[in-house]
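All of the numbers you see were taken from the coordinates with simple rules; none came from a lab. Keep in mind that what you see is a predicted model, and the values were worked out from it rather than measured. Cβ placement follows ideal geometry from the backbone for every residue including glycine, while neighbour counts extend to all protein chains displayed.
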Amino acid sequence: MSGMNKQGRPTSIDGAGAAGARETFTGNRALEHEEPLLFELDNPGACGVDFDDPGEFTSHLGNFERQGRIGLARVSEPEVMRHFVRLSAKNYSIDAGLYPLGSCTMKHNPRLNEKMARLPGISDVHPLQPQQTVQGSLELMSELSHWLKELTGMPGVTLSPKAGAHGELCGMMAIRAALIARGEDDIRTRVLVPESAHGTNPATAALLGYKVDAIPATKEGRVDLEAFKSKLGPDVAAIMLTNPNTCGLFERDIVKIADAVHEAGAYFYCDGANFNAIVGRVRPGDLGVDAMHINLHKTFSTPHGGGGPGAGPVVFSEALAPFAPLPYVVNGKDGFRLVETEGEAEADGTTPFGRMTAFHGQMGMFVRALSYMLSHGSDGLRQVAEDAVLNANYVLASLKDDLSAPFEGPCMHEALFDDRFLKGTGVETLDFAKAMIDEGYHPMTMYFPLVVHGAMLIEPTETESKQAVDLFIATLKDLARAARSNDKDRFTGAPYMSPRRRLDETGAARRPVLRWAPPPAPAQAAE
Ligand SMILES: *Cc1c(COP(=O)(O)O)cnc(C)c1O
């Protein structure tokens, strides 16, 4: 069976025979609607607003007067509402179900955070407002800075980076500024990055012009200490290390690594995206870290990954704090103010390397993160880490005999599996993940970290109940049994029941079609 919508795209019905679905007249599947593009809904004459006719006017752009329509879809208000509501219903979210995407920390975002972020006194302010009119917002930033420093045991912080990757760039720019100040920028040109690192680590180092040197992993999935030491030298600027690492394991040698890095005159950048596994339990400052970004959108909740913006504040050691970028909040005798210029910074005794963003960062995220911290308290934050680790170990222990785990022993906040259990079944990691969609789960992270073949990285987070995790585990066990008992069709054709079937993901990335073109006009009937 193959269903096509009016624009010739395959509909949800296409190939759904395997799941017993029937073709419908509309292409809709019960109350789930087949949704065209907004441009395809274009209805000449329809309009959602009621403007007066502008009458005669002259263009301010002279010769550049627009010659044709801009091409926006003409739709009525109810049609545009329906379009976006239907689309939103197709967007899988943490509010709809378990979202086991490893490394991404897709956990529940308490509604209290949203309520706080929407308070008019917070959401209606503008970054160009006079500072004396936004004292509360500045105090909030100051308070958040305080707790980030407290939780990490680090003396400096910058709030402005807008995501984890942006924070990495910020931290590495502070390291470069410190090296410039020492006159060693020309000599120290190499950055050490473990093989298992998130792609943003080597990308950041490379963007800043550093040579990236990969540190191999041990059989236990951790940094090979001896190999790492042998790579140290007078040309090393920094190491970029994630802890817990992307295999979900704590780097036990982290203090030895920090000491060796400092002895070699280099800096220790820690990728703190996985801070949720240790928050309230370990202070990175005590481990010898010089700079670390914190993904507020992971550790301190808030929707992300298509659901909202991120924020990647960076904490700094004594050595790097003076180089932190502009702006930053200070609490002076006239109240709170932002230090925004190099001149003001000089008077304040700092030497910022520059600035990362036009204004001061993602205010809405600062509110949510502070609301999350204050509502959890120190005992609650510690429990976040403990429960996240407990849930992941429950998944690991329950599934390690049905799936296959590459490393011995317990994990931190995420459980890593490889594809050995699929050997000889004709099913690959990708097929397994696609079959999960039919069962109502967003797949786990696949093929990352790269050090593990066919990796499947599962992060249940602490906000899932035992019942939810049990059902998830039972589902994966059922899928693993199906793969072993030659039920290959369940996988290689999956997903069967999603609005769209198996997509050409490589093609979409390599040859993206980013522009909609109207379908050719129907051929004129011969007169
Ligand atoms: C998520 C993540 C990043 C990048 O953070 P973004 O906010 O997505 O830019 C970097 N490193 C690790 C280990 C991560 O999990």
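Of note:
- When T204, T246 are checked against the criterion of being assigned to a loop (DSSP other than H, G, I, E, B) and either buried (at least 24 other Cβ atoms within 10 Å of the Cβ) or of a type in the set (S, T, N, Q) (or both), T246 stands alone in meeting it.
- Filtered residues of segment 138-186 (kept if among the β-branched types (V, I, T) and outside any helix (DSSP H, G or I)): V157, T158
- Taken together, F421, F432, F407 contain a single residue that is in contact with a strand residue (DSSP E or B) (Cβ under 8 Å, 6 or more places away or on another chain), assigned to a loop (DSSP other than H, G, I, E, B) and in contact (Cβ under 8 Å) with a residue 12 or more places away in the chain, which is F407.
- Looking across segment 53-107, the residues that are over 19 Å from the mean Cα position of the chain (by Cα) and β-branched (V, I, T) come down to T58, I70, V75, V80, V85.
- For segment 404-459, residues that are acidic (D, E) and under 28 Å from F275 (Cβ atoms) total 4.
- Residue count, segment 74-103 (criterion: farther than 15 Å from Y441 by Cα and within 16 Å of the ligand (Cβ to nearest atom)): 1
- Segment 104-151, subset within 16 Å of the ligand (Cβ to nearest atom) and touching a strand residue (DSSP E or B) at 6+ places or on another chain (Cβ under 9 Å), residue farthest from V395 (Cα to Cα): L148
- Each residue in segment 496-520 was checked for being of a type in the set (K, R) and surrounded by 10 or more Cβ atoms within 10 Å (Cβ to Cβ), and 3 of them qualify.
- Subset of segment 320-356 [without any contact (Cβ under 8 Å) to a residue 60 or more places away in the chain and among the polar types (S, T, N, Q)]: T341, T350
Yes or no, residue by residue, for (1) among the acidic types (D, E); (2) in a loop (DSSP other than H, G, I, E, B); (3) away from the ligand (no atom under 11 Å from the Cβ); (4) within 15 Å of C170 (Cα to Cα):
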residue	(1), (2), (3), (4)
N276	no, no, no, no
V279	no, yes, yes, no
V282	no, yes, yes, no
G305	no, yes, no, no
G308	no, yes, yes, no
E318	yes, yes, yes, no
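- Of the residues screened, H262 is not one that is within 11 Å of the ligand (Cβ to nearest atom), touching a residue at least 12 places away in the same chain (Cβ under 8 Å) and touching a Gly at 6+ places or on another chain (Cβ under 8 Å).
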